[in-house]
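Before any comments, here is the structure.
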Amino acid sequence: MSSEKFPSILIVDDDKDLCTILTRNLRGMASLHAEGSLAGCLEYMEKKKPSLLLLDNNLPDGFGIAFLKKFKHLFRGIKIILITSDTSESLRKEGMSAGAAYFLCKPFSIQSFLSTVQQVLAINP
């Protein structure tokens, strides 16, 4: 697989254990990087252009959902999966209308997570 077609995934979550679990399970299907804050996410995305952003909603420096539209505007074509423990229908609708490709509620199984990531990566921008 050429490096152009090999997707890159940025995981943004302040839970280091979850980042480790997700990274271990995604290894081999993408190049991976993890950040623990929105500021770190933005800084990384300005340097690199990941194919997929796995964005936690509740971060130390703000809410991921508040940055969804900004990320979609600044980094056109990026796919975003919003990850949250908030299962409210209103947050799901807000996330999807702001540009999230998928809304994933914690806790989730690794099988459903991997399936979701594969499906979202397969979607053409």
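Points worth noting:
- The conditions of being closer than 23 Å to Ala122 by Cα, touching a residue at least 24 places away in the same chain (Cβ under 8 Å), surrounded by fewer than 16 Cβ atoms within 10 Å (Cβ to Cβ) and of a type in the set (Lys, Arg) are not met by Lys5.
- The residues on offer are Leu82, Leu22, and the sole one that is of a type in the set (A, V, I, L, M, F, W, C), part of a strand (DSSP E or B) and either at pLDDT 95 or above or over 18 Å from Val120 (Cβ atoms) (or both) is Leu82.
- Filtering Ser97, Ser37, Ser90 for residues that are among the polar types (S, T, N, Q), farther than 21 Å from Ala122 by Cα and loosely packed, with under 14 Cβ neighbours inside 10 Å leaves a single hit, Ser90.
- When Lys48 is tested against (1) surrounded by fewer than 16 Cβ atoms within 10 Å (Cβ to Cβ); (2) at pLDDT below 95; (3) touching a strand residue (DSSP E or B) at 6+ places or on another chain (Cβ under 6 Å), exactly one condition is not met: (3).
- Residues located in the range 85-125, provided they are among the β-branched types (Val, Ile, Thr) and either farther than 19 Å from Asp13 by Cβ or part of a helix (DSSP H, G or I) (or both): Ile110, Thr116, Val117, Val120, Ile123
- Sole exception among (1) at positive phi; (2) loosely packed, with under 13 Cβ neighbours inside 10 Å for Arg76, by number: (1)
- For Met29, the conditions (1) touching a residue at least 40 places away in the same chain (Cβ under 8 Å); (2) within 21 Å of Ser97 (Cβ to Cβ) are fulfilled apart from (2).
- Leu42 meets the conditions (1) farther than 21 Å from Phe108 by Cα; (2) within 12 Å of the chain's Cα centre (by Cα); (3) hydrophobic (A, V, I, L, M, F, W, C) in every case but one. The failed one is (2).
- Residue selected from the range 12-27 under the condition touching a strand residue (DSSP E or B) at 6+ places or on another chain (Cβ under 7 Å) and over 18 Å from Leu42 (Cα atoms), by the criterion surrounded by the fewest Cβ atoms within 10 Å (Cβ to Cβ): Thr23
The values are calculated or read from the model by the stated rules, or taken from the named source; none is laboratory data. None of these values were measured; they are calculated from a predicted model. Glycine also receives a Cβ, built like all others from the backbone with ideal geometry; neighbour counts cover every protein chain displayed.
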